[in-house]
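The values are calculated or read from the model by the stated rules, or taken from the named source; none is laboratory data. None of the values given here were measured: they were computed from a predicted structure. Reconstructed Cβ throughout: ideal geometry from the backbone, glycine too, with neighbour counts over all protein chains shown. Side chains are part of the model used for accessible areas, which takes the heavy atoms of the whole protein and leaves out ligands, DNA and RNA. Shrake-Rupley method; radii C 1.70, N 1.55, O 1.52, S 1.80 Å.
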Amino acid sequence: MATTLVTGAEEIGWDLADLYTSAEDERLEADVSQAEADATAFSAQHHGKVAELDASGLAAALTELERIESSVVRALTYAHLHFATNMADPARGALVARLGEKAASLETQLLFFPLEWAAVDDDAAEALLGEAALDDWRHHLRGLRKFRPYLLSEPEEKIVTEKSVSGVAAWSRLYEEQLGALRVSLDDEEQSLEVAMSRLYEHQRELRREAADAITEALGPGLRTRTYVFNTILQDKSIDDRLRSYPTWISSRNLSNETTDEAVEALVEAATSRYDVPQRYYRLKAKLLGIDRLEHYDRFAPVSDDTEKTSWDEAQQIVVEAYSGFSEEAGSIVSRFFDDSWIDAPVRPDKRTGAFCATTVPGVHPYILMNYTGDRRSILTLAHELGHGLHGVLSQPLGLFNSSTPLTTAETASVFGEALTFDRLLAGEDDPRRRLDLLTGRIEDAIATTFRQIAMNRFEHATHTERRKQGELASDRIAELWLEAQRALFGDSVGLDGYDPWWSYIPHFTGSPGYVYAYAYGYLFSLAIYRKYVQEGDSMVEPYLDLLRAGGSRSPEELAELVGLDLTDPAIWASGIDALAEELDEAERLGAEIGLGSD
Ligand SMILES: [Zn+2]
């Protein structure tokens, strides 16, 4: 396979030996077998008797439960990471499937514990939660009870969990595999979707248009299958929500995000009522590019002719300096990801697309998967994933249950790290055109993370709602709903010809329904913290690191209090959007000053 991009990232693979030396490592099977034996013993000891536990008994049981689940998470994480770098290898896929089945069956066996705990009546539960022995578990235990009104009986929950392996989880995996197998024909070569997408950042409009056309074409052949899978997942979700009596399609997501339907509606309202911001930006961008109106493939075009690729080594230096400039501790943690091979960097055929950080492996550092292409977005993606990595390392001492964050605060450290890195890039740039290019890139990323995610949430809202009312949705109808949501976002500032099937390359809609608004939530929350850091300086460093160290052991509101912010005030969303509008003012000023678009 020819690869056209050389960044020095090509040889940067991760070393999974800190988990297991190989898929054949005997410790892997031993961990799983031990967990199975321990789960059987746990079940024999506690099944039917959870309500009888006193506070210290409850604490001991949770410690044991966490230990058992941690072993399985470790094995399963290894399998997922091993699979992610070569999704065409059937043996790797089989390991994921086999361990996934074991994990589900273990979860089924242990399900009685959270269910029996949730069934304890409120007064008795509150009395227990007041005791000091449960200090470390209070938030987690309260979290388990929040689903109380929506739980089914224990045998029903068992069936749902066990059947999910061959149901929604299988559909979701099929979707991911379909996306991983997509090949885009460019310059007589078969490219991955990642490489084709990176062409949308090309300076020459013709190259962007060609790439967009090729992507639209590549999304065609499997569209029917992807439509079917999407429909099936929509239906599965509607059945689940009906059986559990959730009021709306997004209520269960909001509950697990530790937020409320009202707060999310306030966020959606704050964003949709300011669609003038992206529209104003895209009109400015058309002027900067010297064209009448942007097409959808022009949105990421650079406004200067700087097409330089950044090597992996330079990218490393930039992000490490950005984190070190904030805090030495943060910088040295981030350095270890490079020095100790915790990152798999290059674009490779059959590798999972996108980027992620696996942070929930107790006793082991996080791992980062990148598809590093050398463009500026890639550097900021690296900074983003390292933020997750930093968060994971700092919160890990809390253990599996207390370090896991809801989606709403999961993006705090990643967005913050991107902001630090952006400011570092901007500070190193004197040329006004390149400064403007950086600034426009920043605004575009902000739009992509906030307004665009809310527009995608509106698309999800429309598809989930319509699927419930009218049954299976045809490809054409899904495309219409997609374009409606996109038109609301862009107004007449961006042309959308050929954009119809682009909903189908986004794995979140099938992998994690309702997920996307959390990006906007997390971004605007994190931006608020970052603005406070910029204003107040070093006095914010420790409170912020404390927030990261607290992982998911406190609610988003309590975490916000650590850094002096109030998350119950809807103004927090508007203030983030105002900040973005100010950056836009600056970009407009800079554009006028250097006379771009006037020639
Ligand atoms: Zn992220």
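What is the local net charge at Ala118, summed over the other residues whose Cβ is closer than 12 Å to its Cβ (Lys, Arg +1; Asp, Glu -1)? With Lys, Arg at +1 and Asp, Glu at -1, the net is -1.
Tell me, in nm to one decimal, what length is gained between Glu10 and Asp187 on full extension, where the rule is 0.36 nm per residue of separation less the Cα-Cα distance? Don't skip to the answer; put the middle values down first.
Numbers: separation 177, 0.36 × 177 = 63.72 nm, distance 2.15 nm.
Extending this stretch completely gives an extra 61.6 nm.
Near Gln470, once Lys and Arg are set to +1 and Asp and Glu to -1 for all other residues with Cβ below 15 Å from its Cβ, the sum equals 0.
Taking only the Cα atoms of the chain, how large is their convex hull per residue, in Å³? Don't jump to the answer; show the numbers that get you there.
Values: hull volume 87.0 nm³, N = 599.
Per-residue hull volume (Cα only) is 145 Å³.
Where does the charge balance sit around Trp249 when Lys and Arg score +1, Asp and Glu -1, over other residues with C-beta under 15 Å from its C-beta? Write out the running numbers ahead of the final one.
On the way: positive: Lys237, Arg242, Arg244, Arg253, Arg458, Arg467, Arg468, Lys469; negative: Asp236, Asp240, Asp241, Asp261, Glu265, Glu460, Glu466.
Net local charge, Trp249 excluded: +1.
Backbone amide hydrogens, once placed in the peptide plane, bring Gly495 within less than 5 Å of Leu294, Glu295, His296, excluding anything fewer than 5 places away on its chain. Between Thr40 and Ser341, the modelled label-to-label distance comes to 3.7 nm, taking each label 7 Å out from Cα in the direction of the beta carbon. Each label point was placed 7 Å from the Cα along the Cα-to-Cβ direction; for Asp476 and Asp213 their separation is 2.5 nm.
For the chain, what is the percent of antiparallel DSSP beta bridges, rounded to the nearest 5?
Details: 6 of 11 bridges.
Approximately 55 percent, going by the DSSP bridge assignments.
Using just the C-alpha positions of region 509-552 as equal point scatterers, what log10 of I(q)/I(0) does the Debye formula give at each q in 0.15, 0.31, 0.34 1/Å? Per q value, in the given order, log10 I(q)/I(0) is -0.50, -1.05, -1.09. Each label was represented as a point 7 Å from its Cα along the Cα-to-Cβ direction; for Asp569 and Arg293 these points are 4.1 nm apart.
Each residue of region 125-132 was assigned a 3J(HN,Hα) from its phi angle through the Karplus expression (A = 6.51, B = -1.76, C = 1.60, θ = phi - 60°), giving 5, 4, 4, 4, 5, x, 7, 4 Hz with x at Gly and Pro. Taking a point 7 Å out from the Cα of Leu496 in the direction of its Cβ, the residues of region 465-483 whose backbone N falls within less than 19 Å of it are 465-467, 473-483.
The gain in end-to-end length when the Ala119 to Arg244 segment is fully stretched comes to 43.5 nm, 0.36 nm per residue minus the alpha carbon separation.
3J(HN,Hα) along region 189-194, derived from phi through the Karplus expression 6.51 cos²θ - 1.76 cosθ + 1.60 where θ = phi - 60°, amounts to 10, 8, 10, 6, 4, 4 Hz, with x in place of Gly and Pro.
In terms of accessible area, using a 1.4 Å probe and ignoring ligands and nucleic acids, Glu460, Glu593, Glu484 rank largest first as Glu593, Glu484, Glu460. Cβ-Cβ distance of Ile506 and Ala30, R₀ of 45 Å, FRET efficiency by 1/(1 + (r/R0)^6): the value works out to about 0.70.
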